[in-house]
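Novice: Just dropping this structure here.
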Amino acid sequence: MKNELTDLSLLVVDDNIVNQRVVSMSLRSSIGTIDVAGNGLEAFQKYCENHYDVILMDGRMPVMDGYETTRKIRDYEKESDLDKPSLIIALTGSDTAHETAACLDAGMNACMFKPFRIHEFLEILKEFN
């Protein structure tokens with residue numbers, strides 16, 4: 001991951017447009033590039049076109065959920081022999097231990113719970129940088 005936040009590329013994956021906007025607006029002055037996807041299939045397609053430094057991934061979405069999307073991204077990263085895999089952070093509405101375990105088992109690096117809190121996001125970035 002890059003040292004400066006303004007150099008980071010971020011993909012926000014959530015089927016709720018309000019959640020997409022909250023995250024995008026919260027980070028627009030800090031993060032260099034922010035793209036959004038409304039479902040997992042769209043996210044995977046965008047990921048294949050633009051390798052993102054960080055992905056904020058909702059768990060439950062139509063078309064393809066965040067768990068399957070994460071597994072596909074991780075498989076793609078292995079097959080493509082990328083230098084650095086994306087940091088994938090779950091952004092989910094369920095704050096149970098089961099949900100956290102499901103996110104980590106799918107290949108996500110960390111788990112955040114809604115509502116989005118910028119300080120928590122920045123702490124996770126520091127931890128993985």
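The values are calculated or read from the model by the stated rules, or taken from the named source; none is laboratory data. The model shown is predicted, which means the values in this text are computed figures rather than measured ones. Quick reminder, even Gly has a Cβ in these numbers, built from the backbone with ideal geometry, and neighbours come from all protein chains shown.
Novice: Looking for whichever is hydrophobic (A, V, I, L, M, F, W, C), crowded, with 20+ Cβ neighbours inside 10 Å and closer than 22 Å to E4 by Cα here; the options are I89, I118. Which one fits? Full working, then the answer.
Specialist: Working: I118 fails: crowded, with 20+ Cβ neighbours inside 10 Å.
Among I89, I118, only I89 is hydrophobic (A, V, I, L, M, F, W, C), crowded, with 20+ Cβ neighbours inside 10 Å and closer than 22 Å to E4 by Cα.
Novice: Output the qualifying pairs, or none if there are none: Cβ atoms under 6 angstrom, residues six or more apart or on different chains, first residue in region 104-129 and part of a strand (DSSP E or B), second residue not small (G, A, S).
Specialist: A110/I89; A110/I124; C111/T100; C111/C103; M112/I89; M112/L91; M112/E120; F113/D95
Novice: For the structure I just gave you, tell me whether Y76 is closer than 19 Å to N19 by Cβ and either of a type in the set (G, A, S) or outside any strand (DSSP E or B) (or both).
Specialist: Details: closer than 19 Å to N19 by Cβ: no; either of a type in the set (G, A, S) or outside any strand (DSSP E or B) (or both): yes.
When the stated conditions are applied, Y76 does not pass them.
Novice: Kindly list the number of the only condition in (1) at pLDDT 95 or above; (2) surrounded by fewer than 18 Cβ atoms within 10 Å (Cβ to Cβ); (3) part of a loop (DSSP other than H, G, I, E, B); (4) hydrophobic (A, V, I, L, M, F, W, C) that fails for C48.
Specialist: Status for C48: all satisfied but (3).
Novice: Next question, about the same structure. I'd like to verify a number: residues in region 9-18 that are within 20 Å of D53 (Cα to Cα) and either of a type in the set (F, W, Y) or not in a strand (DSSP E or B) (or both), how many?
Specialist: 1
Novice: For residues that are of a type outside the set (G, A, S) and surrounded by fewer than 18 Cβ atoms within 10 Å (Cβ to Cβ), scanning just region 23-34, find the one that is nearest to Y52 (Cα to Cα). Outline the logic, then answer.
Specialist: Pass one, region 23-34, residues of a type outside the set (G, A, S): 23, 25, 27-28, 31, 33-34.
Narrowing further to those that are surrounded by fewer than 18 Cβ atoms within 10 Å (Cβ to Cβ): 25, 28, 33.
Numbers: M25: 18, R28: 15, T33: 9 Å.
Here the residue is T33.
Novice: Is there a residue being touching a helix residue (DSSP H, G or I) at 6+ places or on another chain (Cβ under 7 Å) and on the phi > 0 side of the Ramachandran plot anywhere in region 106-114?
Specialist: Yes: region 106-114 contains one or more residues that are touching a helix residue (DSSP H, G or I) at 6+ places or on another chain (Cβ under 7 Å) and on the phi > 0 side of the Ramachandran plot.
Novice: Follow-up. Can you name the residue in region 52-79 that is without any contact (Cβ under 8 Å) to a residue 40 or more places away in the chain and farther than 21 Å from S94 by Cα and, of all such residues, is surrounded by the most Cβ atoms within 10 Å (Cβ to Cβ)?
Specialist: Top of the filtered list is I73.
Novice: Exactly one condition in (1) modelled with pLDDT under 95; (2) of a type in the set (D, E, K, R); (3) over 21 Å from L125 (Cβ atoms) is false for K72; which is it?
Specialist: Looking at each condition in turn, K72 falls short on (1).
Novice: What residue, of N129, N109, is surrounded by 14 or more Cβ atoms within 10 Å (Cβ to Cβ) and not acidic (D, E)? Outline the logic, then answer.
Specialist: On the way: N129 fails: surrounded by 14 or more Cβ atoms within 10 Å (Cβ to Cβ).
The unique qualifying residue is N109.
Novice: Same structure again: Yes or no: T96 within 23 Å of L122 (Cα to Cα) and loosely packed, with under 11 Cβ neighbours inside 10 Å?
Specialist: Numbers: within 23 Å of L122 (Cα to Cα): yes; loosely packed, with under 11 Cβ neighbours inside 10 Å: yes.
Taking the combined requirement at face value, the residue satisfies it.
Novice: Right, another one. Does G38 satisfy being touching a Phe, Trp or Tyr at 6+ places or on another chain (Cβ under 9 Å) and more than 18 Å from T6 (Cα to Cα)? Step through it out loud before you land on a result.
Specialist: Working: touching a Phe, Trp or Tyr at 6+ places or on another chain (Cβ under 9 Å): no; more than 18 Å from T6 (Cα to Cα): yes.
Spelling it out, it is not the case that G38 is touching a Phe, Trp or Tyr at 6+ places or on another chain (Cβ under 9 Å) and more than 18 Å from T6 (Cα to Cα).
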